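K.L.:
Please see the structure below; I have some questions.
The values are calculated or read from the model by the stated rules, or taken from the named source; none is laboratory data. Please read all numbers here as calculations on a predicted model, not as lab measurements. As a convention, Cβ positions derive from the backbone with ideal geometry for all residues, glycine included, and neighbour counts pool all protein chains shown. Ligands, DNA and RNA are excluded from the accessible area calculation, which covers all protein heavy atoms including side chains. Shrake-Rupley method; radii C 1.70, N 1.55, O 1.52, S 1.80 Å.
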Amino acid sequence: MFPKALQTWARQLAEGVVAPLARRGVNPNVITVLGFAFNVMTAAVLATGHLSTGGAMLFLSGVFDMLDGALARVTSRQSDFGAFLDSLLDRYSEAAVLLALIFVFTVRQNTASVLLVYAVAVGSILSSYARARAEGLGLDAKVGIAPRPERVLILGLGLLFTGLGLPFSGSTTIAALAVLAVLTHVTAMQRLYHVWQQTRAKAKDKARRSTKATETRIT
């Protein structure tokens, strides 16, 4: 995960950027939907095989991910529906980008790369689901080495350097996907372990309270 200091700096920067939008009364959900639309456009560009251009657009789409939350904080318009909409469209956005890459590699008859994208997709889905399911149970699962911002950064860099003619750029997309195929599943396992620790601590606390209550009744 990005260092806390960097995350704090990014939030403050995003809040400064959205200040004019806040003064105009723009709804944060509008930014969320626009961000999703831009992700779909990015996927369309990637599907045409323009990976470097798609990588640059992927970074720009990541800006929307910061701005909607910042606008919600600045305008005090944070809501459960807004958070749900943001999470749902993030999943659709990620799926659209990965589907575009599957299409590209299918056209190129690169089966190994198609399977690699599939591994990334499964890892991304499971890591996101692990957090959502944990929070639904009242637990915390924000840990993990590769949450969505880190995934966007890694994939964006891999795509951006592909096709630039640099000596090392020929396989950067494949390298990025290989890294993500590992890190997304590591993240899911980190969240599994973190949730296990919390549930174990809760079970021990419940057992202690039960034992104490029994001893109180006996005495």
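K.L.:
Once you have the Cα-Cα distance between Ala83 and Leu115, take 0.36 nm times their residue separation minus that, and quote the gain in nm to one decimal.
P.N.:
8.4 nm
K.L.:
On to the next question. If I fit a long axis through the Cα atoms of helix 4-17 and take the longest principal axis of the Cα atoms of the chain, what angle between them do I get, 0 to 90°, rounded to 10?
P.N.:
60 degrees
K.L.:
Same structure, new question: Would you please give the FRET efficiency between Thr211 and Tyr92, computed as 1/(1 + (r/R0)^6) with r the Cβ-Cβ distance and R0 = 45 Å, to the nearest 0.05?
P.N.:
0.40
K.L.:
With unit charges on the beta carbons (Lys and Arg positive, Asp and Glu negative) and the dipole taken about the Cα centre of the chain, which residue among Phe36, Val97, Gly16 sits farthest to the positive side?
P.N.:
Gly16
K.L.:
Quick one: if you take sqrt(5λ) for each eigenvalue of the C-alpha gyration tensor of the chain, what semi-axes come out, biggest first, whole angstrom?
P.N.:
In descending order, the three semi-axes are 37, 25, 14 Å.
K.L.:
Using a probe radius of 1.4 Å on heavy atoms only, what accessible surface per residue do you get for segment 87-219? Whole Å² is fine.
P.N.:
Each residue of segment 87-219 exposes 59 Å² on average to a 1.4 Å probe.
K.L.:
Let me ask something additional. Considering the chain as a Gaussian network with a 10 Å cut-off on Cα pairs, which listed residue, Leu137, Leu21, Leu13, attains the greatest mean-square fluctuation?
P.N.:
Sorting by GNM fluctuation, first place goes to Leu137.
K.L.:
Which order do you get for Thr187, Thr214, Thr48 if you rank them by accessible area with a 1.4 Å probe, largest at the top?
P.N.:
Greatest to least solvent exposure: Thr48, Thr214, Thr187.
K.L.:
In segment 19-161, what percent of the accessible surface is made up of carbon and sulfur (1.4 Å probe, ligands and nucleic acids excluded)?
P.N.:
69 percent
K.L.:
Moving to a separate point now. Taking +1 at the Cβ of each Lys and Arg and -1 at the Cβ of each Asp and Glu, which of Leu115, Val182, Ala47 sits farthest along the dipole of the chain towards its positive end, judged by Cα position relative to the Cα centre?
P.N.:
Of the candidates, Val182 comes out farthest on the positive side.
K.L.:
Quick one: if the Förster radius is 25 Å, what FRET efficiency do Gln12 and Ile145 give, using the C-beta to C-beta distance and rounding to 0.05?
P.N.:
0.55
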